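First up is the structure itself, then whatever we jot down about it.
The values are calculated or read from the model by the stated rules, or taken from the named source; none is laboratory data. For clarity, every value in this text was computed on a predicted model and none was experimentally measured. Neighbour counts are summed over all protein chains in view; Cβ atoms, including those assigned to glycine, are modelled from backbone coordinates with ideal geometry. Keep in mind that these areas ignore ligands, DNA and RNA; they rest on the heavy atoms of the full protein, side chains included. Shrake-Rupley method; radii C 1.70, N 1.55, O 1.52, S 1.80 Å.
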Amino acid sequence: MAKYTAREIAHYVIDTCTRDGRAISNLQLQKILYFVQLEYCKQAGSLLFADEFEAWQYGPVLPDVYDEYSFFGGMRVEKTYASVAQPAPEDKLIIDKVVVDKREKYPWDLVRIAHASGSPWDRAFRKGNGTVIPNSSLLAFCKE
């Protein structure tokens, strides 16, 4: 059972990055959320959030989260929230480690990593742009 919604984790990530003076773009956010989900899955054996990604041209995307930040275009999302869900300490450790590592990478490097052959994105994208990446695919990939 997932603990959070993707939007809650997105708000946490955006808020954290902005407060750290390391604001990220929507493209980076989408990839970071994907890598957070995969890392959490590998470590906890379950999903952090139940929302499903779609395989878009530039990698995995959570459409609802994408829509929320799409008006920023390619600009950095510099936004803080008066109230943001704080992950449990054990979850925060996993999330923060991925965020700090991935936000320093060039956005197109994140896309390249997400596009790895045999990845859940790759398997879904072969079926067409916009194909849902089933959570079952993420869980199976984390067990490989």
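Distance from the Cα centroid of region 76-123 to that of region 31-67 is 9 Å (rounded to whole angstrom). Given (i) 128, 20, 15; (ii) 39, 37, 31; (iii) 39, 32, 24 as candidate values of Cα extents along the principal axes in Å, which corresponds to the one derived from the coordinates? Of the labelled values, this structure produces (iii). Residue separation of Arg19 and Gln86 scaled by 0.36 nm, minus their Cα-Cα distance, works out to 22.7 nm of gained length. Take the chain with all the other protein chains still there, run a 1.4 Å probe, and you get 51 Å² of accessible area per residue. When the Cα positions of Gly45, Thr18, Trp121 are compared along the charge dipole of the chain, Trp121 comes out farthest toward the positive end, with charges on each C-beta of Lys, Arg, Asp and Glu. When the chain is treated as a Gaussian network with alpha carbon springs shorter than 10 Å, the biggest mean-square fluctuation among Leu62, Leu47, Leu93 belongs to Leu93. Measuring nothing but protein heavy atoms, the accessible surface of the chain at 1.4 Å probe radius is 52 percent carbon and sulfur. Given +1 at the Cβ of Lys and Arg, -1 at the Cβ of Asp and Glu and no other charges, the dipole of the chain around its Cα centre is 300 debye to the nearest 20. Computing FRET efficiency as 1/(1 + (r/R0)^6) for Arg126 and Tyr58, where r is the C-beta to C-beta distance and R0 is 25 Å, gives about 0.95.
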